[in-house]
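The values are calculated or read from the model by the stated rules, or taken from the named source; none is laboratory data. From a predicted model like this one, the values you see are computed outputs, not experimental measurements. A quick note on method: Cβ atoms are made from the backbone with ideal geometry, for glycine too, and the neighbour counts reach across all protein chains shown. These accessible areas exclude ligands, DNA and RNA; they are computed on the full protein's heavy atoms, side chains included. Shrake-Rupley method; radii C 1.70, N 1.55, O 1.52, S 1.80 Å.
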Amino acid sequence: MFTKKTNFKPMKADDVVSAYKKNVLIFWVLHALTGVGAVVAAVLLLLQRITIVNAAFTIVFLVVLNYLFYTMRRIQLHLLNNILTNNCDPVKFEKVFQKLLEARANRDLCQLNIARGQYYAGKYEKALETLEAMARPKDNSPQIFLYYSVKAGCYEELGDLDHVIEIREKVKKLMPALKEGSPALRNGQQLLTIIDGILTFHQGSYMRAYEIYEDLFEVSSYPLSRLTVLIKLAKMDQVTGAARSAIDHCEYILDSGGTTFYKKQAQEILALCRPRKKQESAEKAAESAPAKEQEEQNGAE
């Protein structure tokens, strides 16, 4: 069974799908056994081997058990997100959900996750095509903000900020209907913060954008979300001349970026920062040379 500690990193996409199907089959067998248990309880009641009260308690227990198996079966699909969020491997993530889509798993969820994999692999236009081909999640769906998040990210990378602004307005319209303190409300607020960071960054307000992304880093609970923040910080550091900080961020991304497009962007930033760093080192050496020469002369005297 998949758990939170399952390491998908060494597993191939086919192996992940095969294990998932096996796990789901086990839960379907358990579902069937609860049905058999209900039939047995009904027969025993007819034969007056148990009382109505005992039969009722048995049925209630079996219903609860059946719902538990249903929840655990759904969790198996949810845990596959760790391939992307923890292992930062959108290429494998896309392959897994493409195969699950072919196997007729949850169609809308599979398509959304395929689009997520395509986006983080750097296939922005393909991801948008996948999103357009699927049914938009309902306003009260847990996937609605994920759907808009992927769209906003694709449009940002394609340089289409007008569409990012449109998505921001759509997200804002969803917020009043959400319950105070609900996970959905927190997800919506975080998405608005991410979009504000995108727009502020591209407007050139780096100081404000830096504050936004530093706050986002504080609440980033997955490696992928930390990479999303660090690449933005690295870009701003490079533009503002903080080469050392940009290099540190990029080196982290190269070590932990998996198959995400962040690695390519980090390499591009490093190429811009390292010549500047060498130039700064040369200038410092040139500045210190006269002082060192003077010290040597004083020592000789």
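Within the stretch 1-49, if we keep just the residues that are among the hydroxyl-bearing types (Ser, Thr, Tyr) and under 30 Å from Thr259 (Cβ atoms), the residue that is surrounded by the most Cβ atoms within 10 Å (Cβ to Cβ) turns out to be Tyr20. Phe145 passes every criterion in (1) open to solvent by less than 20 Å² (accessible area, probe 1.4 Å); (2) more than 23 Å from Tyr262 (Cβ to Cβ); (3) touching a Gly at 6+ places or on another chain (Cβ under 7 Å) apart from (2).
Condition (residue is in contact (Cβ under 8 Å) with a residue 40 or more places away in the chain and within 17 Å of the chain's Cα centre (by Cα)) applied to the stretch 158-180: is it met by at least one residue?
Keep residues of the stretch 158-180 that are in contact (Cβ under 8 Å) with a residue 40 or more places away in the chain, which gives 161.
Now drop any that are not within 17 Å of the chain's Cα centre (by Cα), which leaves none.
No: zero hits.
Residues in the stretch 52-83 that are surrounded by 13 or more Cβ atoms within 10 Å (Cβ to Cβ) and either on the phi > 0 side of the Ramachandran plot or under 18 Å from the mean Cα position of the chain (by Cα) (or both): Ile75, Gln76, Leu77, Leu79, Leu80, Asn81, Asn82, Ile83. Based on what the data block shows, is Ala127 surrounded by 15 or more Cβ atoms within 10 Å (Cβ to Cβ) and at pLDDT 95 or above? Yes, satisfied. What number of residues within the stretch 84-99 satisfy the criterion of being surrounded by fewer than 22 Cβ atoms within 10 Å (Cβ to Cβ) and touching a Ser or Thr at 6+ places or on another chain (Cβ under 7 Å)? The qualifying residues number 1.
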